[in-house]
Every structure is written in C-alpha cells, then in structure tokens.
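Notes follow once the structure below has been shown.
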Amino acid sequence: MNFQELEQKLLQMDSQLLAREGALEINLQQMEEQIEAIQLARDQHSELIEVMNAMRIEGQSVVAELGSTKNKNKNKTLLKEKRFL
C-alpha cells in the first residue's frame, strides 16, 4: 500500500468512527429520555400509592365511625326497650 492508499483508508476509518459516534450520541439521548420517562412514571406511581394509602386510612376511619354510631344507636334502642319493660 502506498501513502495515498493509507491516507484514503485512514480518512474512511475516520468517517466511519464519526458516524458511529453520532449514532452513539443519538442512542445516549434516547436512553436519557427513557430514563426521564421512567423517573416520571415512578414519581407518579409513588403519588398514586400515597393517595391510595390516604384513602384506605380514611375508609378505615369511616368504617370505625359507622361502627361506633351503630353501637350507640343499638345501645339507645336497648335502653328504650329496657325502660319500656
């Protein structure tokens, strides 16, 4: 191989490396976008879990309150029946 052929081969390799570098930069950008999307989804999931837990606690409170009210009404009814007898 003479000098010109080597120089041509070197230019060709340099061009290929630049093309690969460009492709890698595009891949890196796509990966960063995917990471951001995953992080956003994770944050939204965490918020949803927090809301669901709050709703569960609120539901438990309502059930406990209803049970308490039911017992009070039952006790009042029993007292009325006892007075009636």
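Residue by residue, region 29-45 carries 3J(HN,Hα) couplings of 4, 5, 5, 4, 5, 5, 4, 4, 5, 5, 5, 5, 4, 5, 4, 5, 4 Hz when phi is fed to the Karplus relation 6.51 cos²θ - 1.76 cosθ + 1.60 (θ = phi - 60°); x denotes Gly or Pro. Over the C-alpha trace of region 43-85, radius of gyration and Dmax come out as 18.6, 63 angstrom.
The Kirkwood radius of the chain, taken over pairs of alpha-carbon atoms, gives through the Stokes-Einstein law at 25 °C and 0.890 mPa s a diffusion coefficient of 122 µm² s⁻¹.
Only the coordinates and a few stated rules stand behind these numbers; no lab work does. Please read all numbers here as calculations on a predicted model, not as lab measurements.
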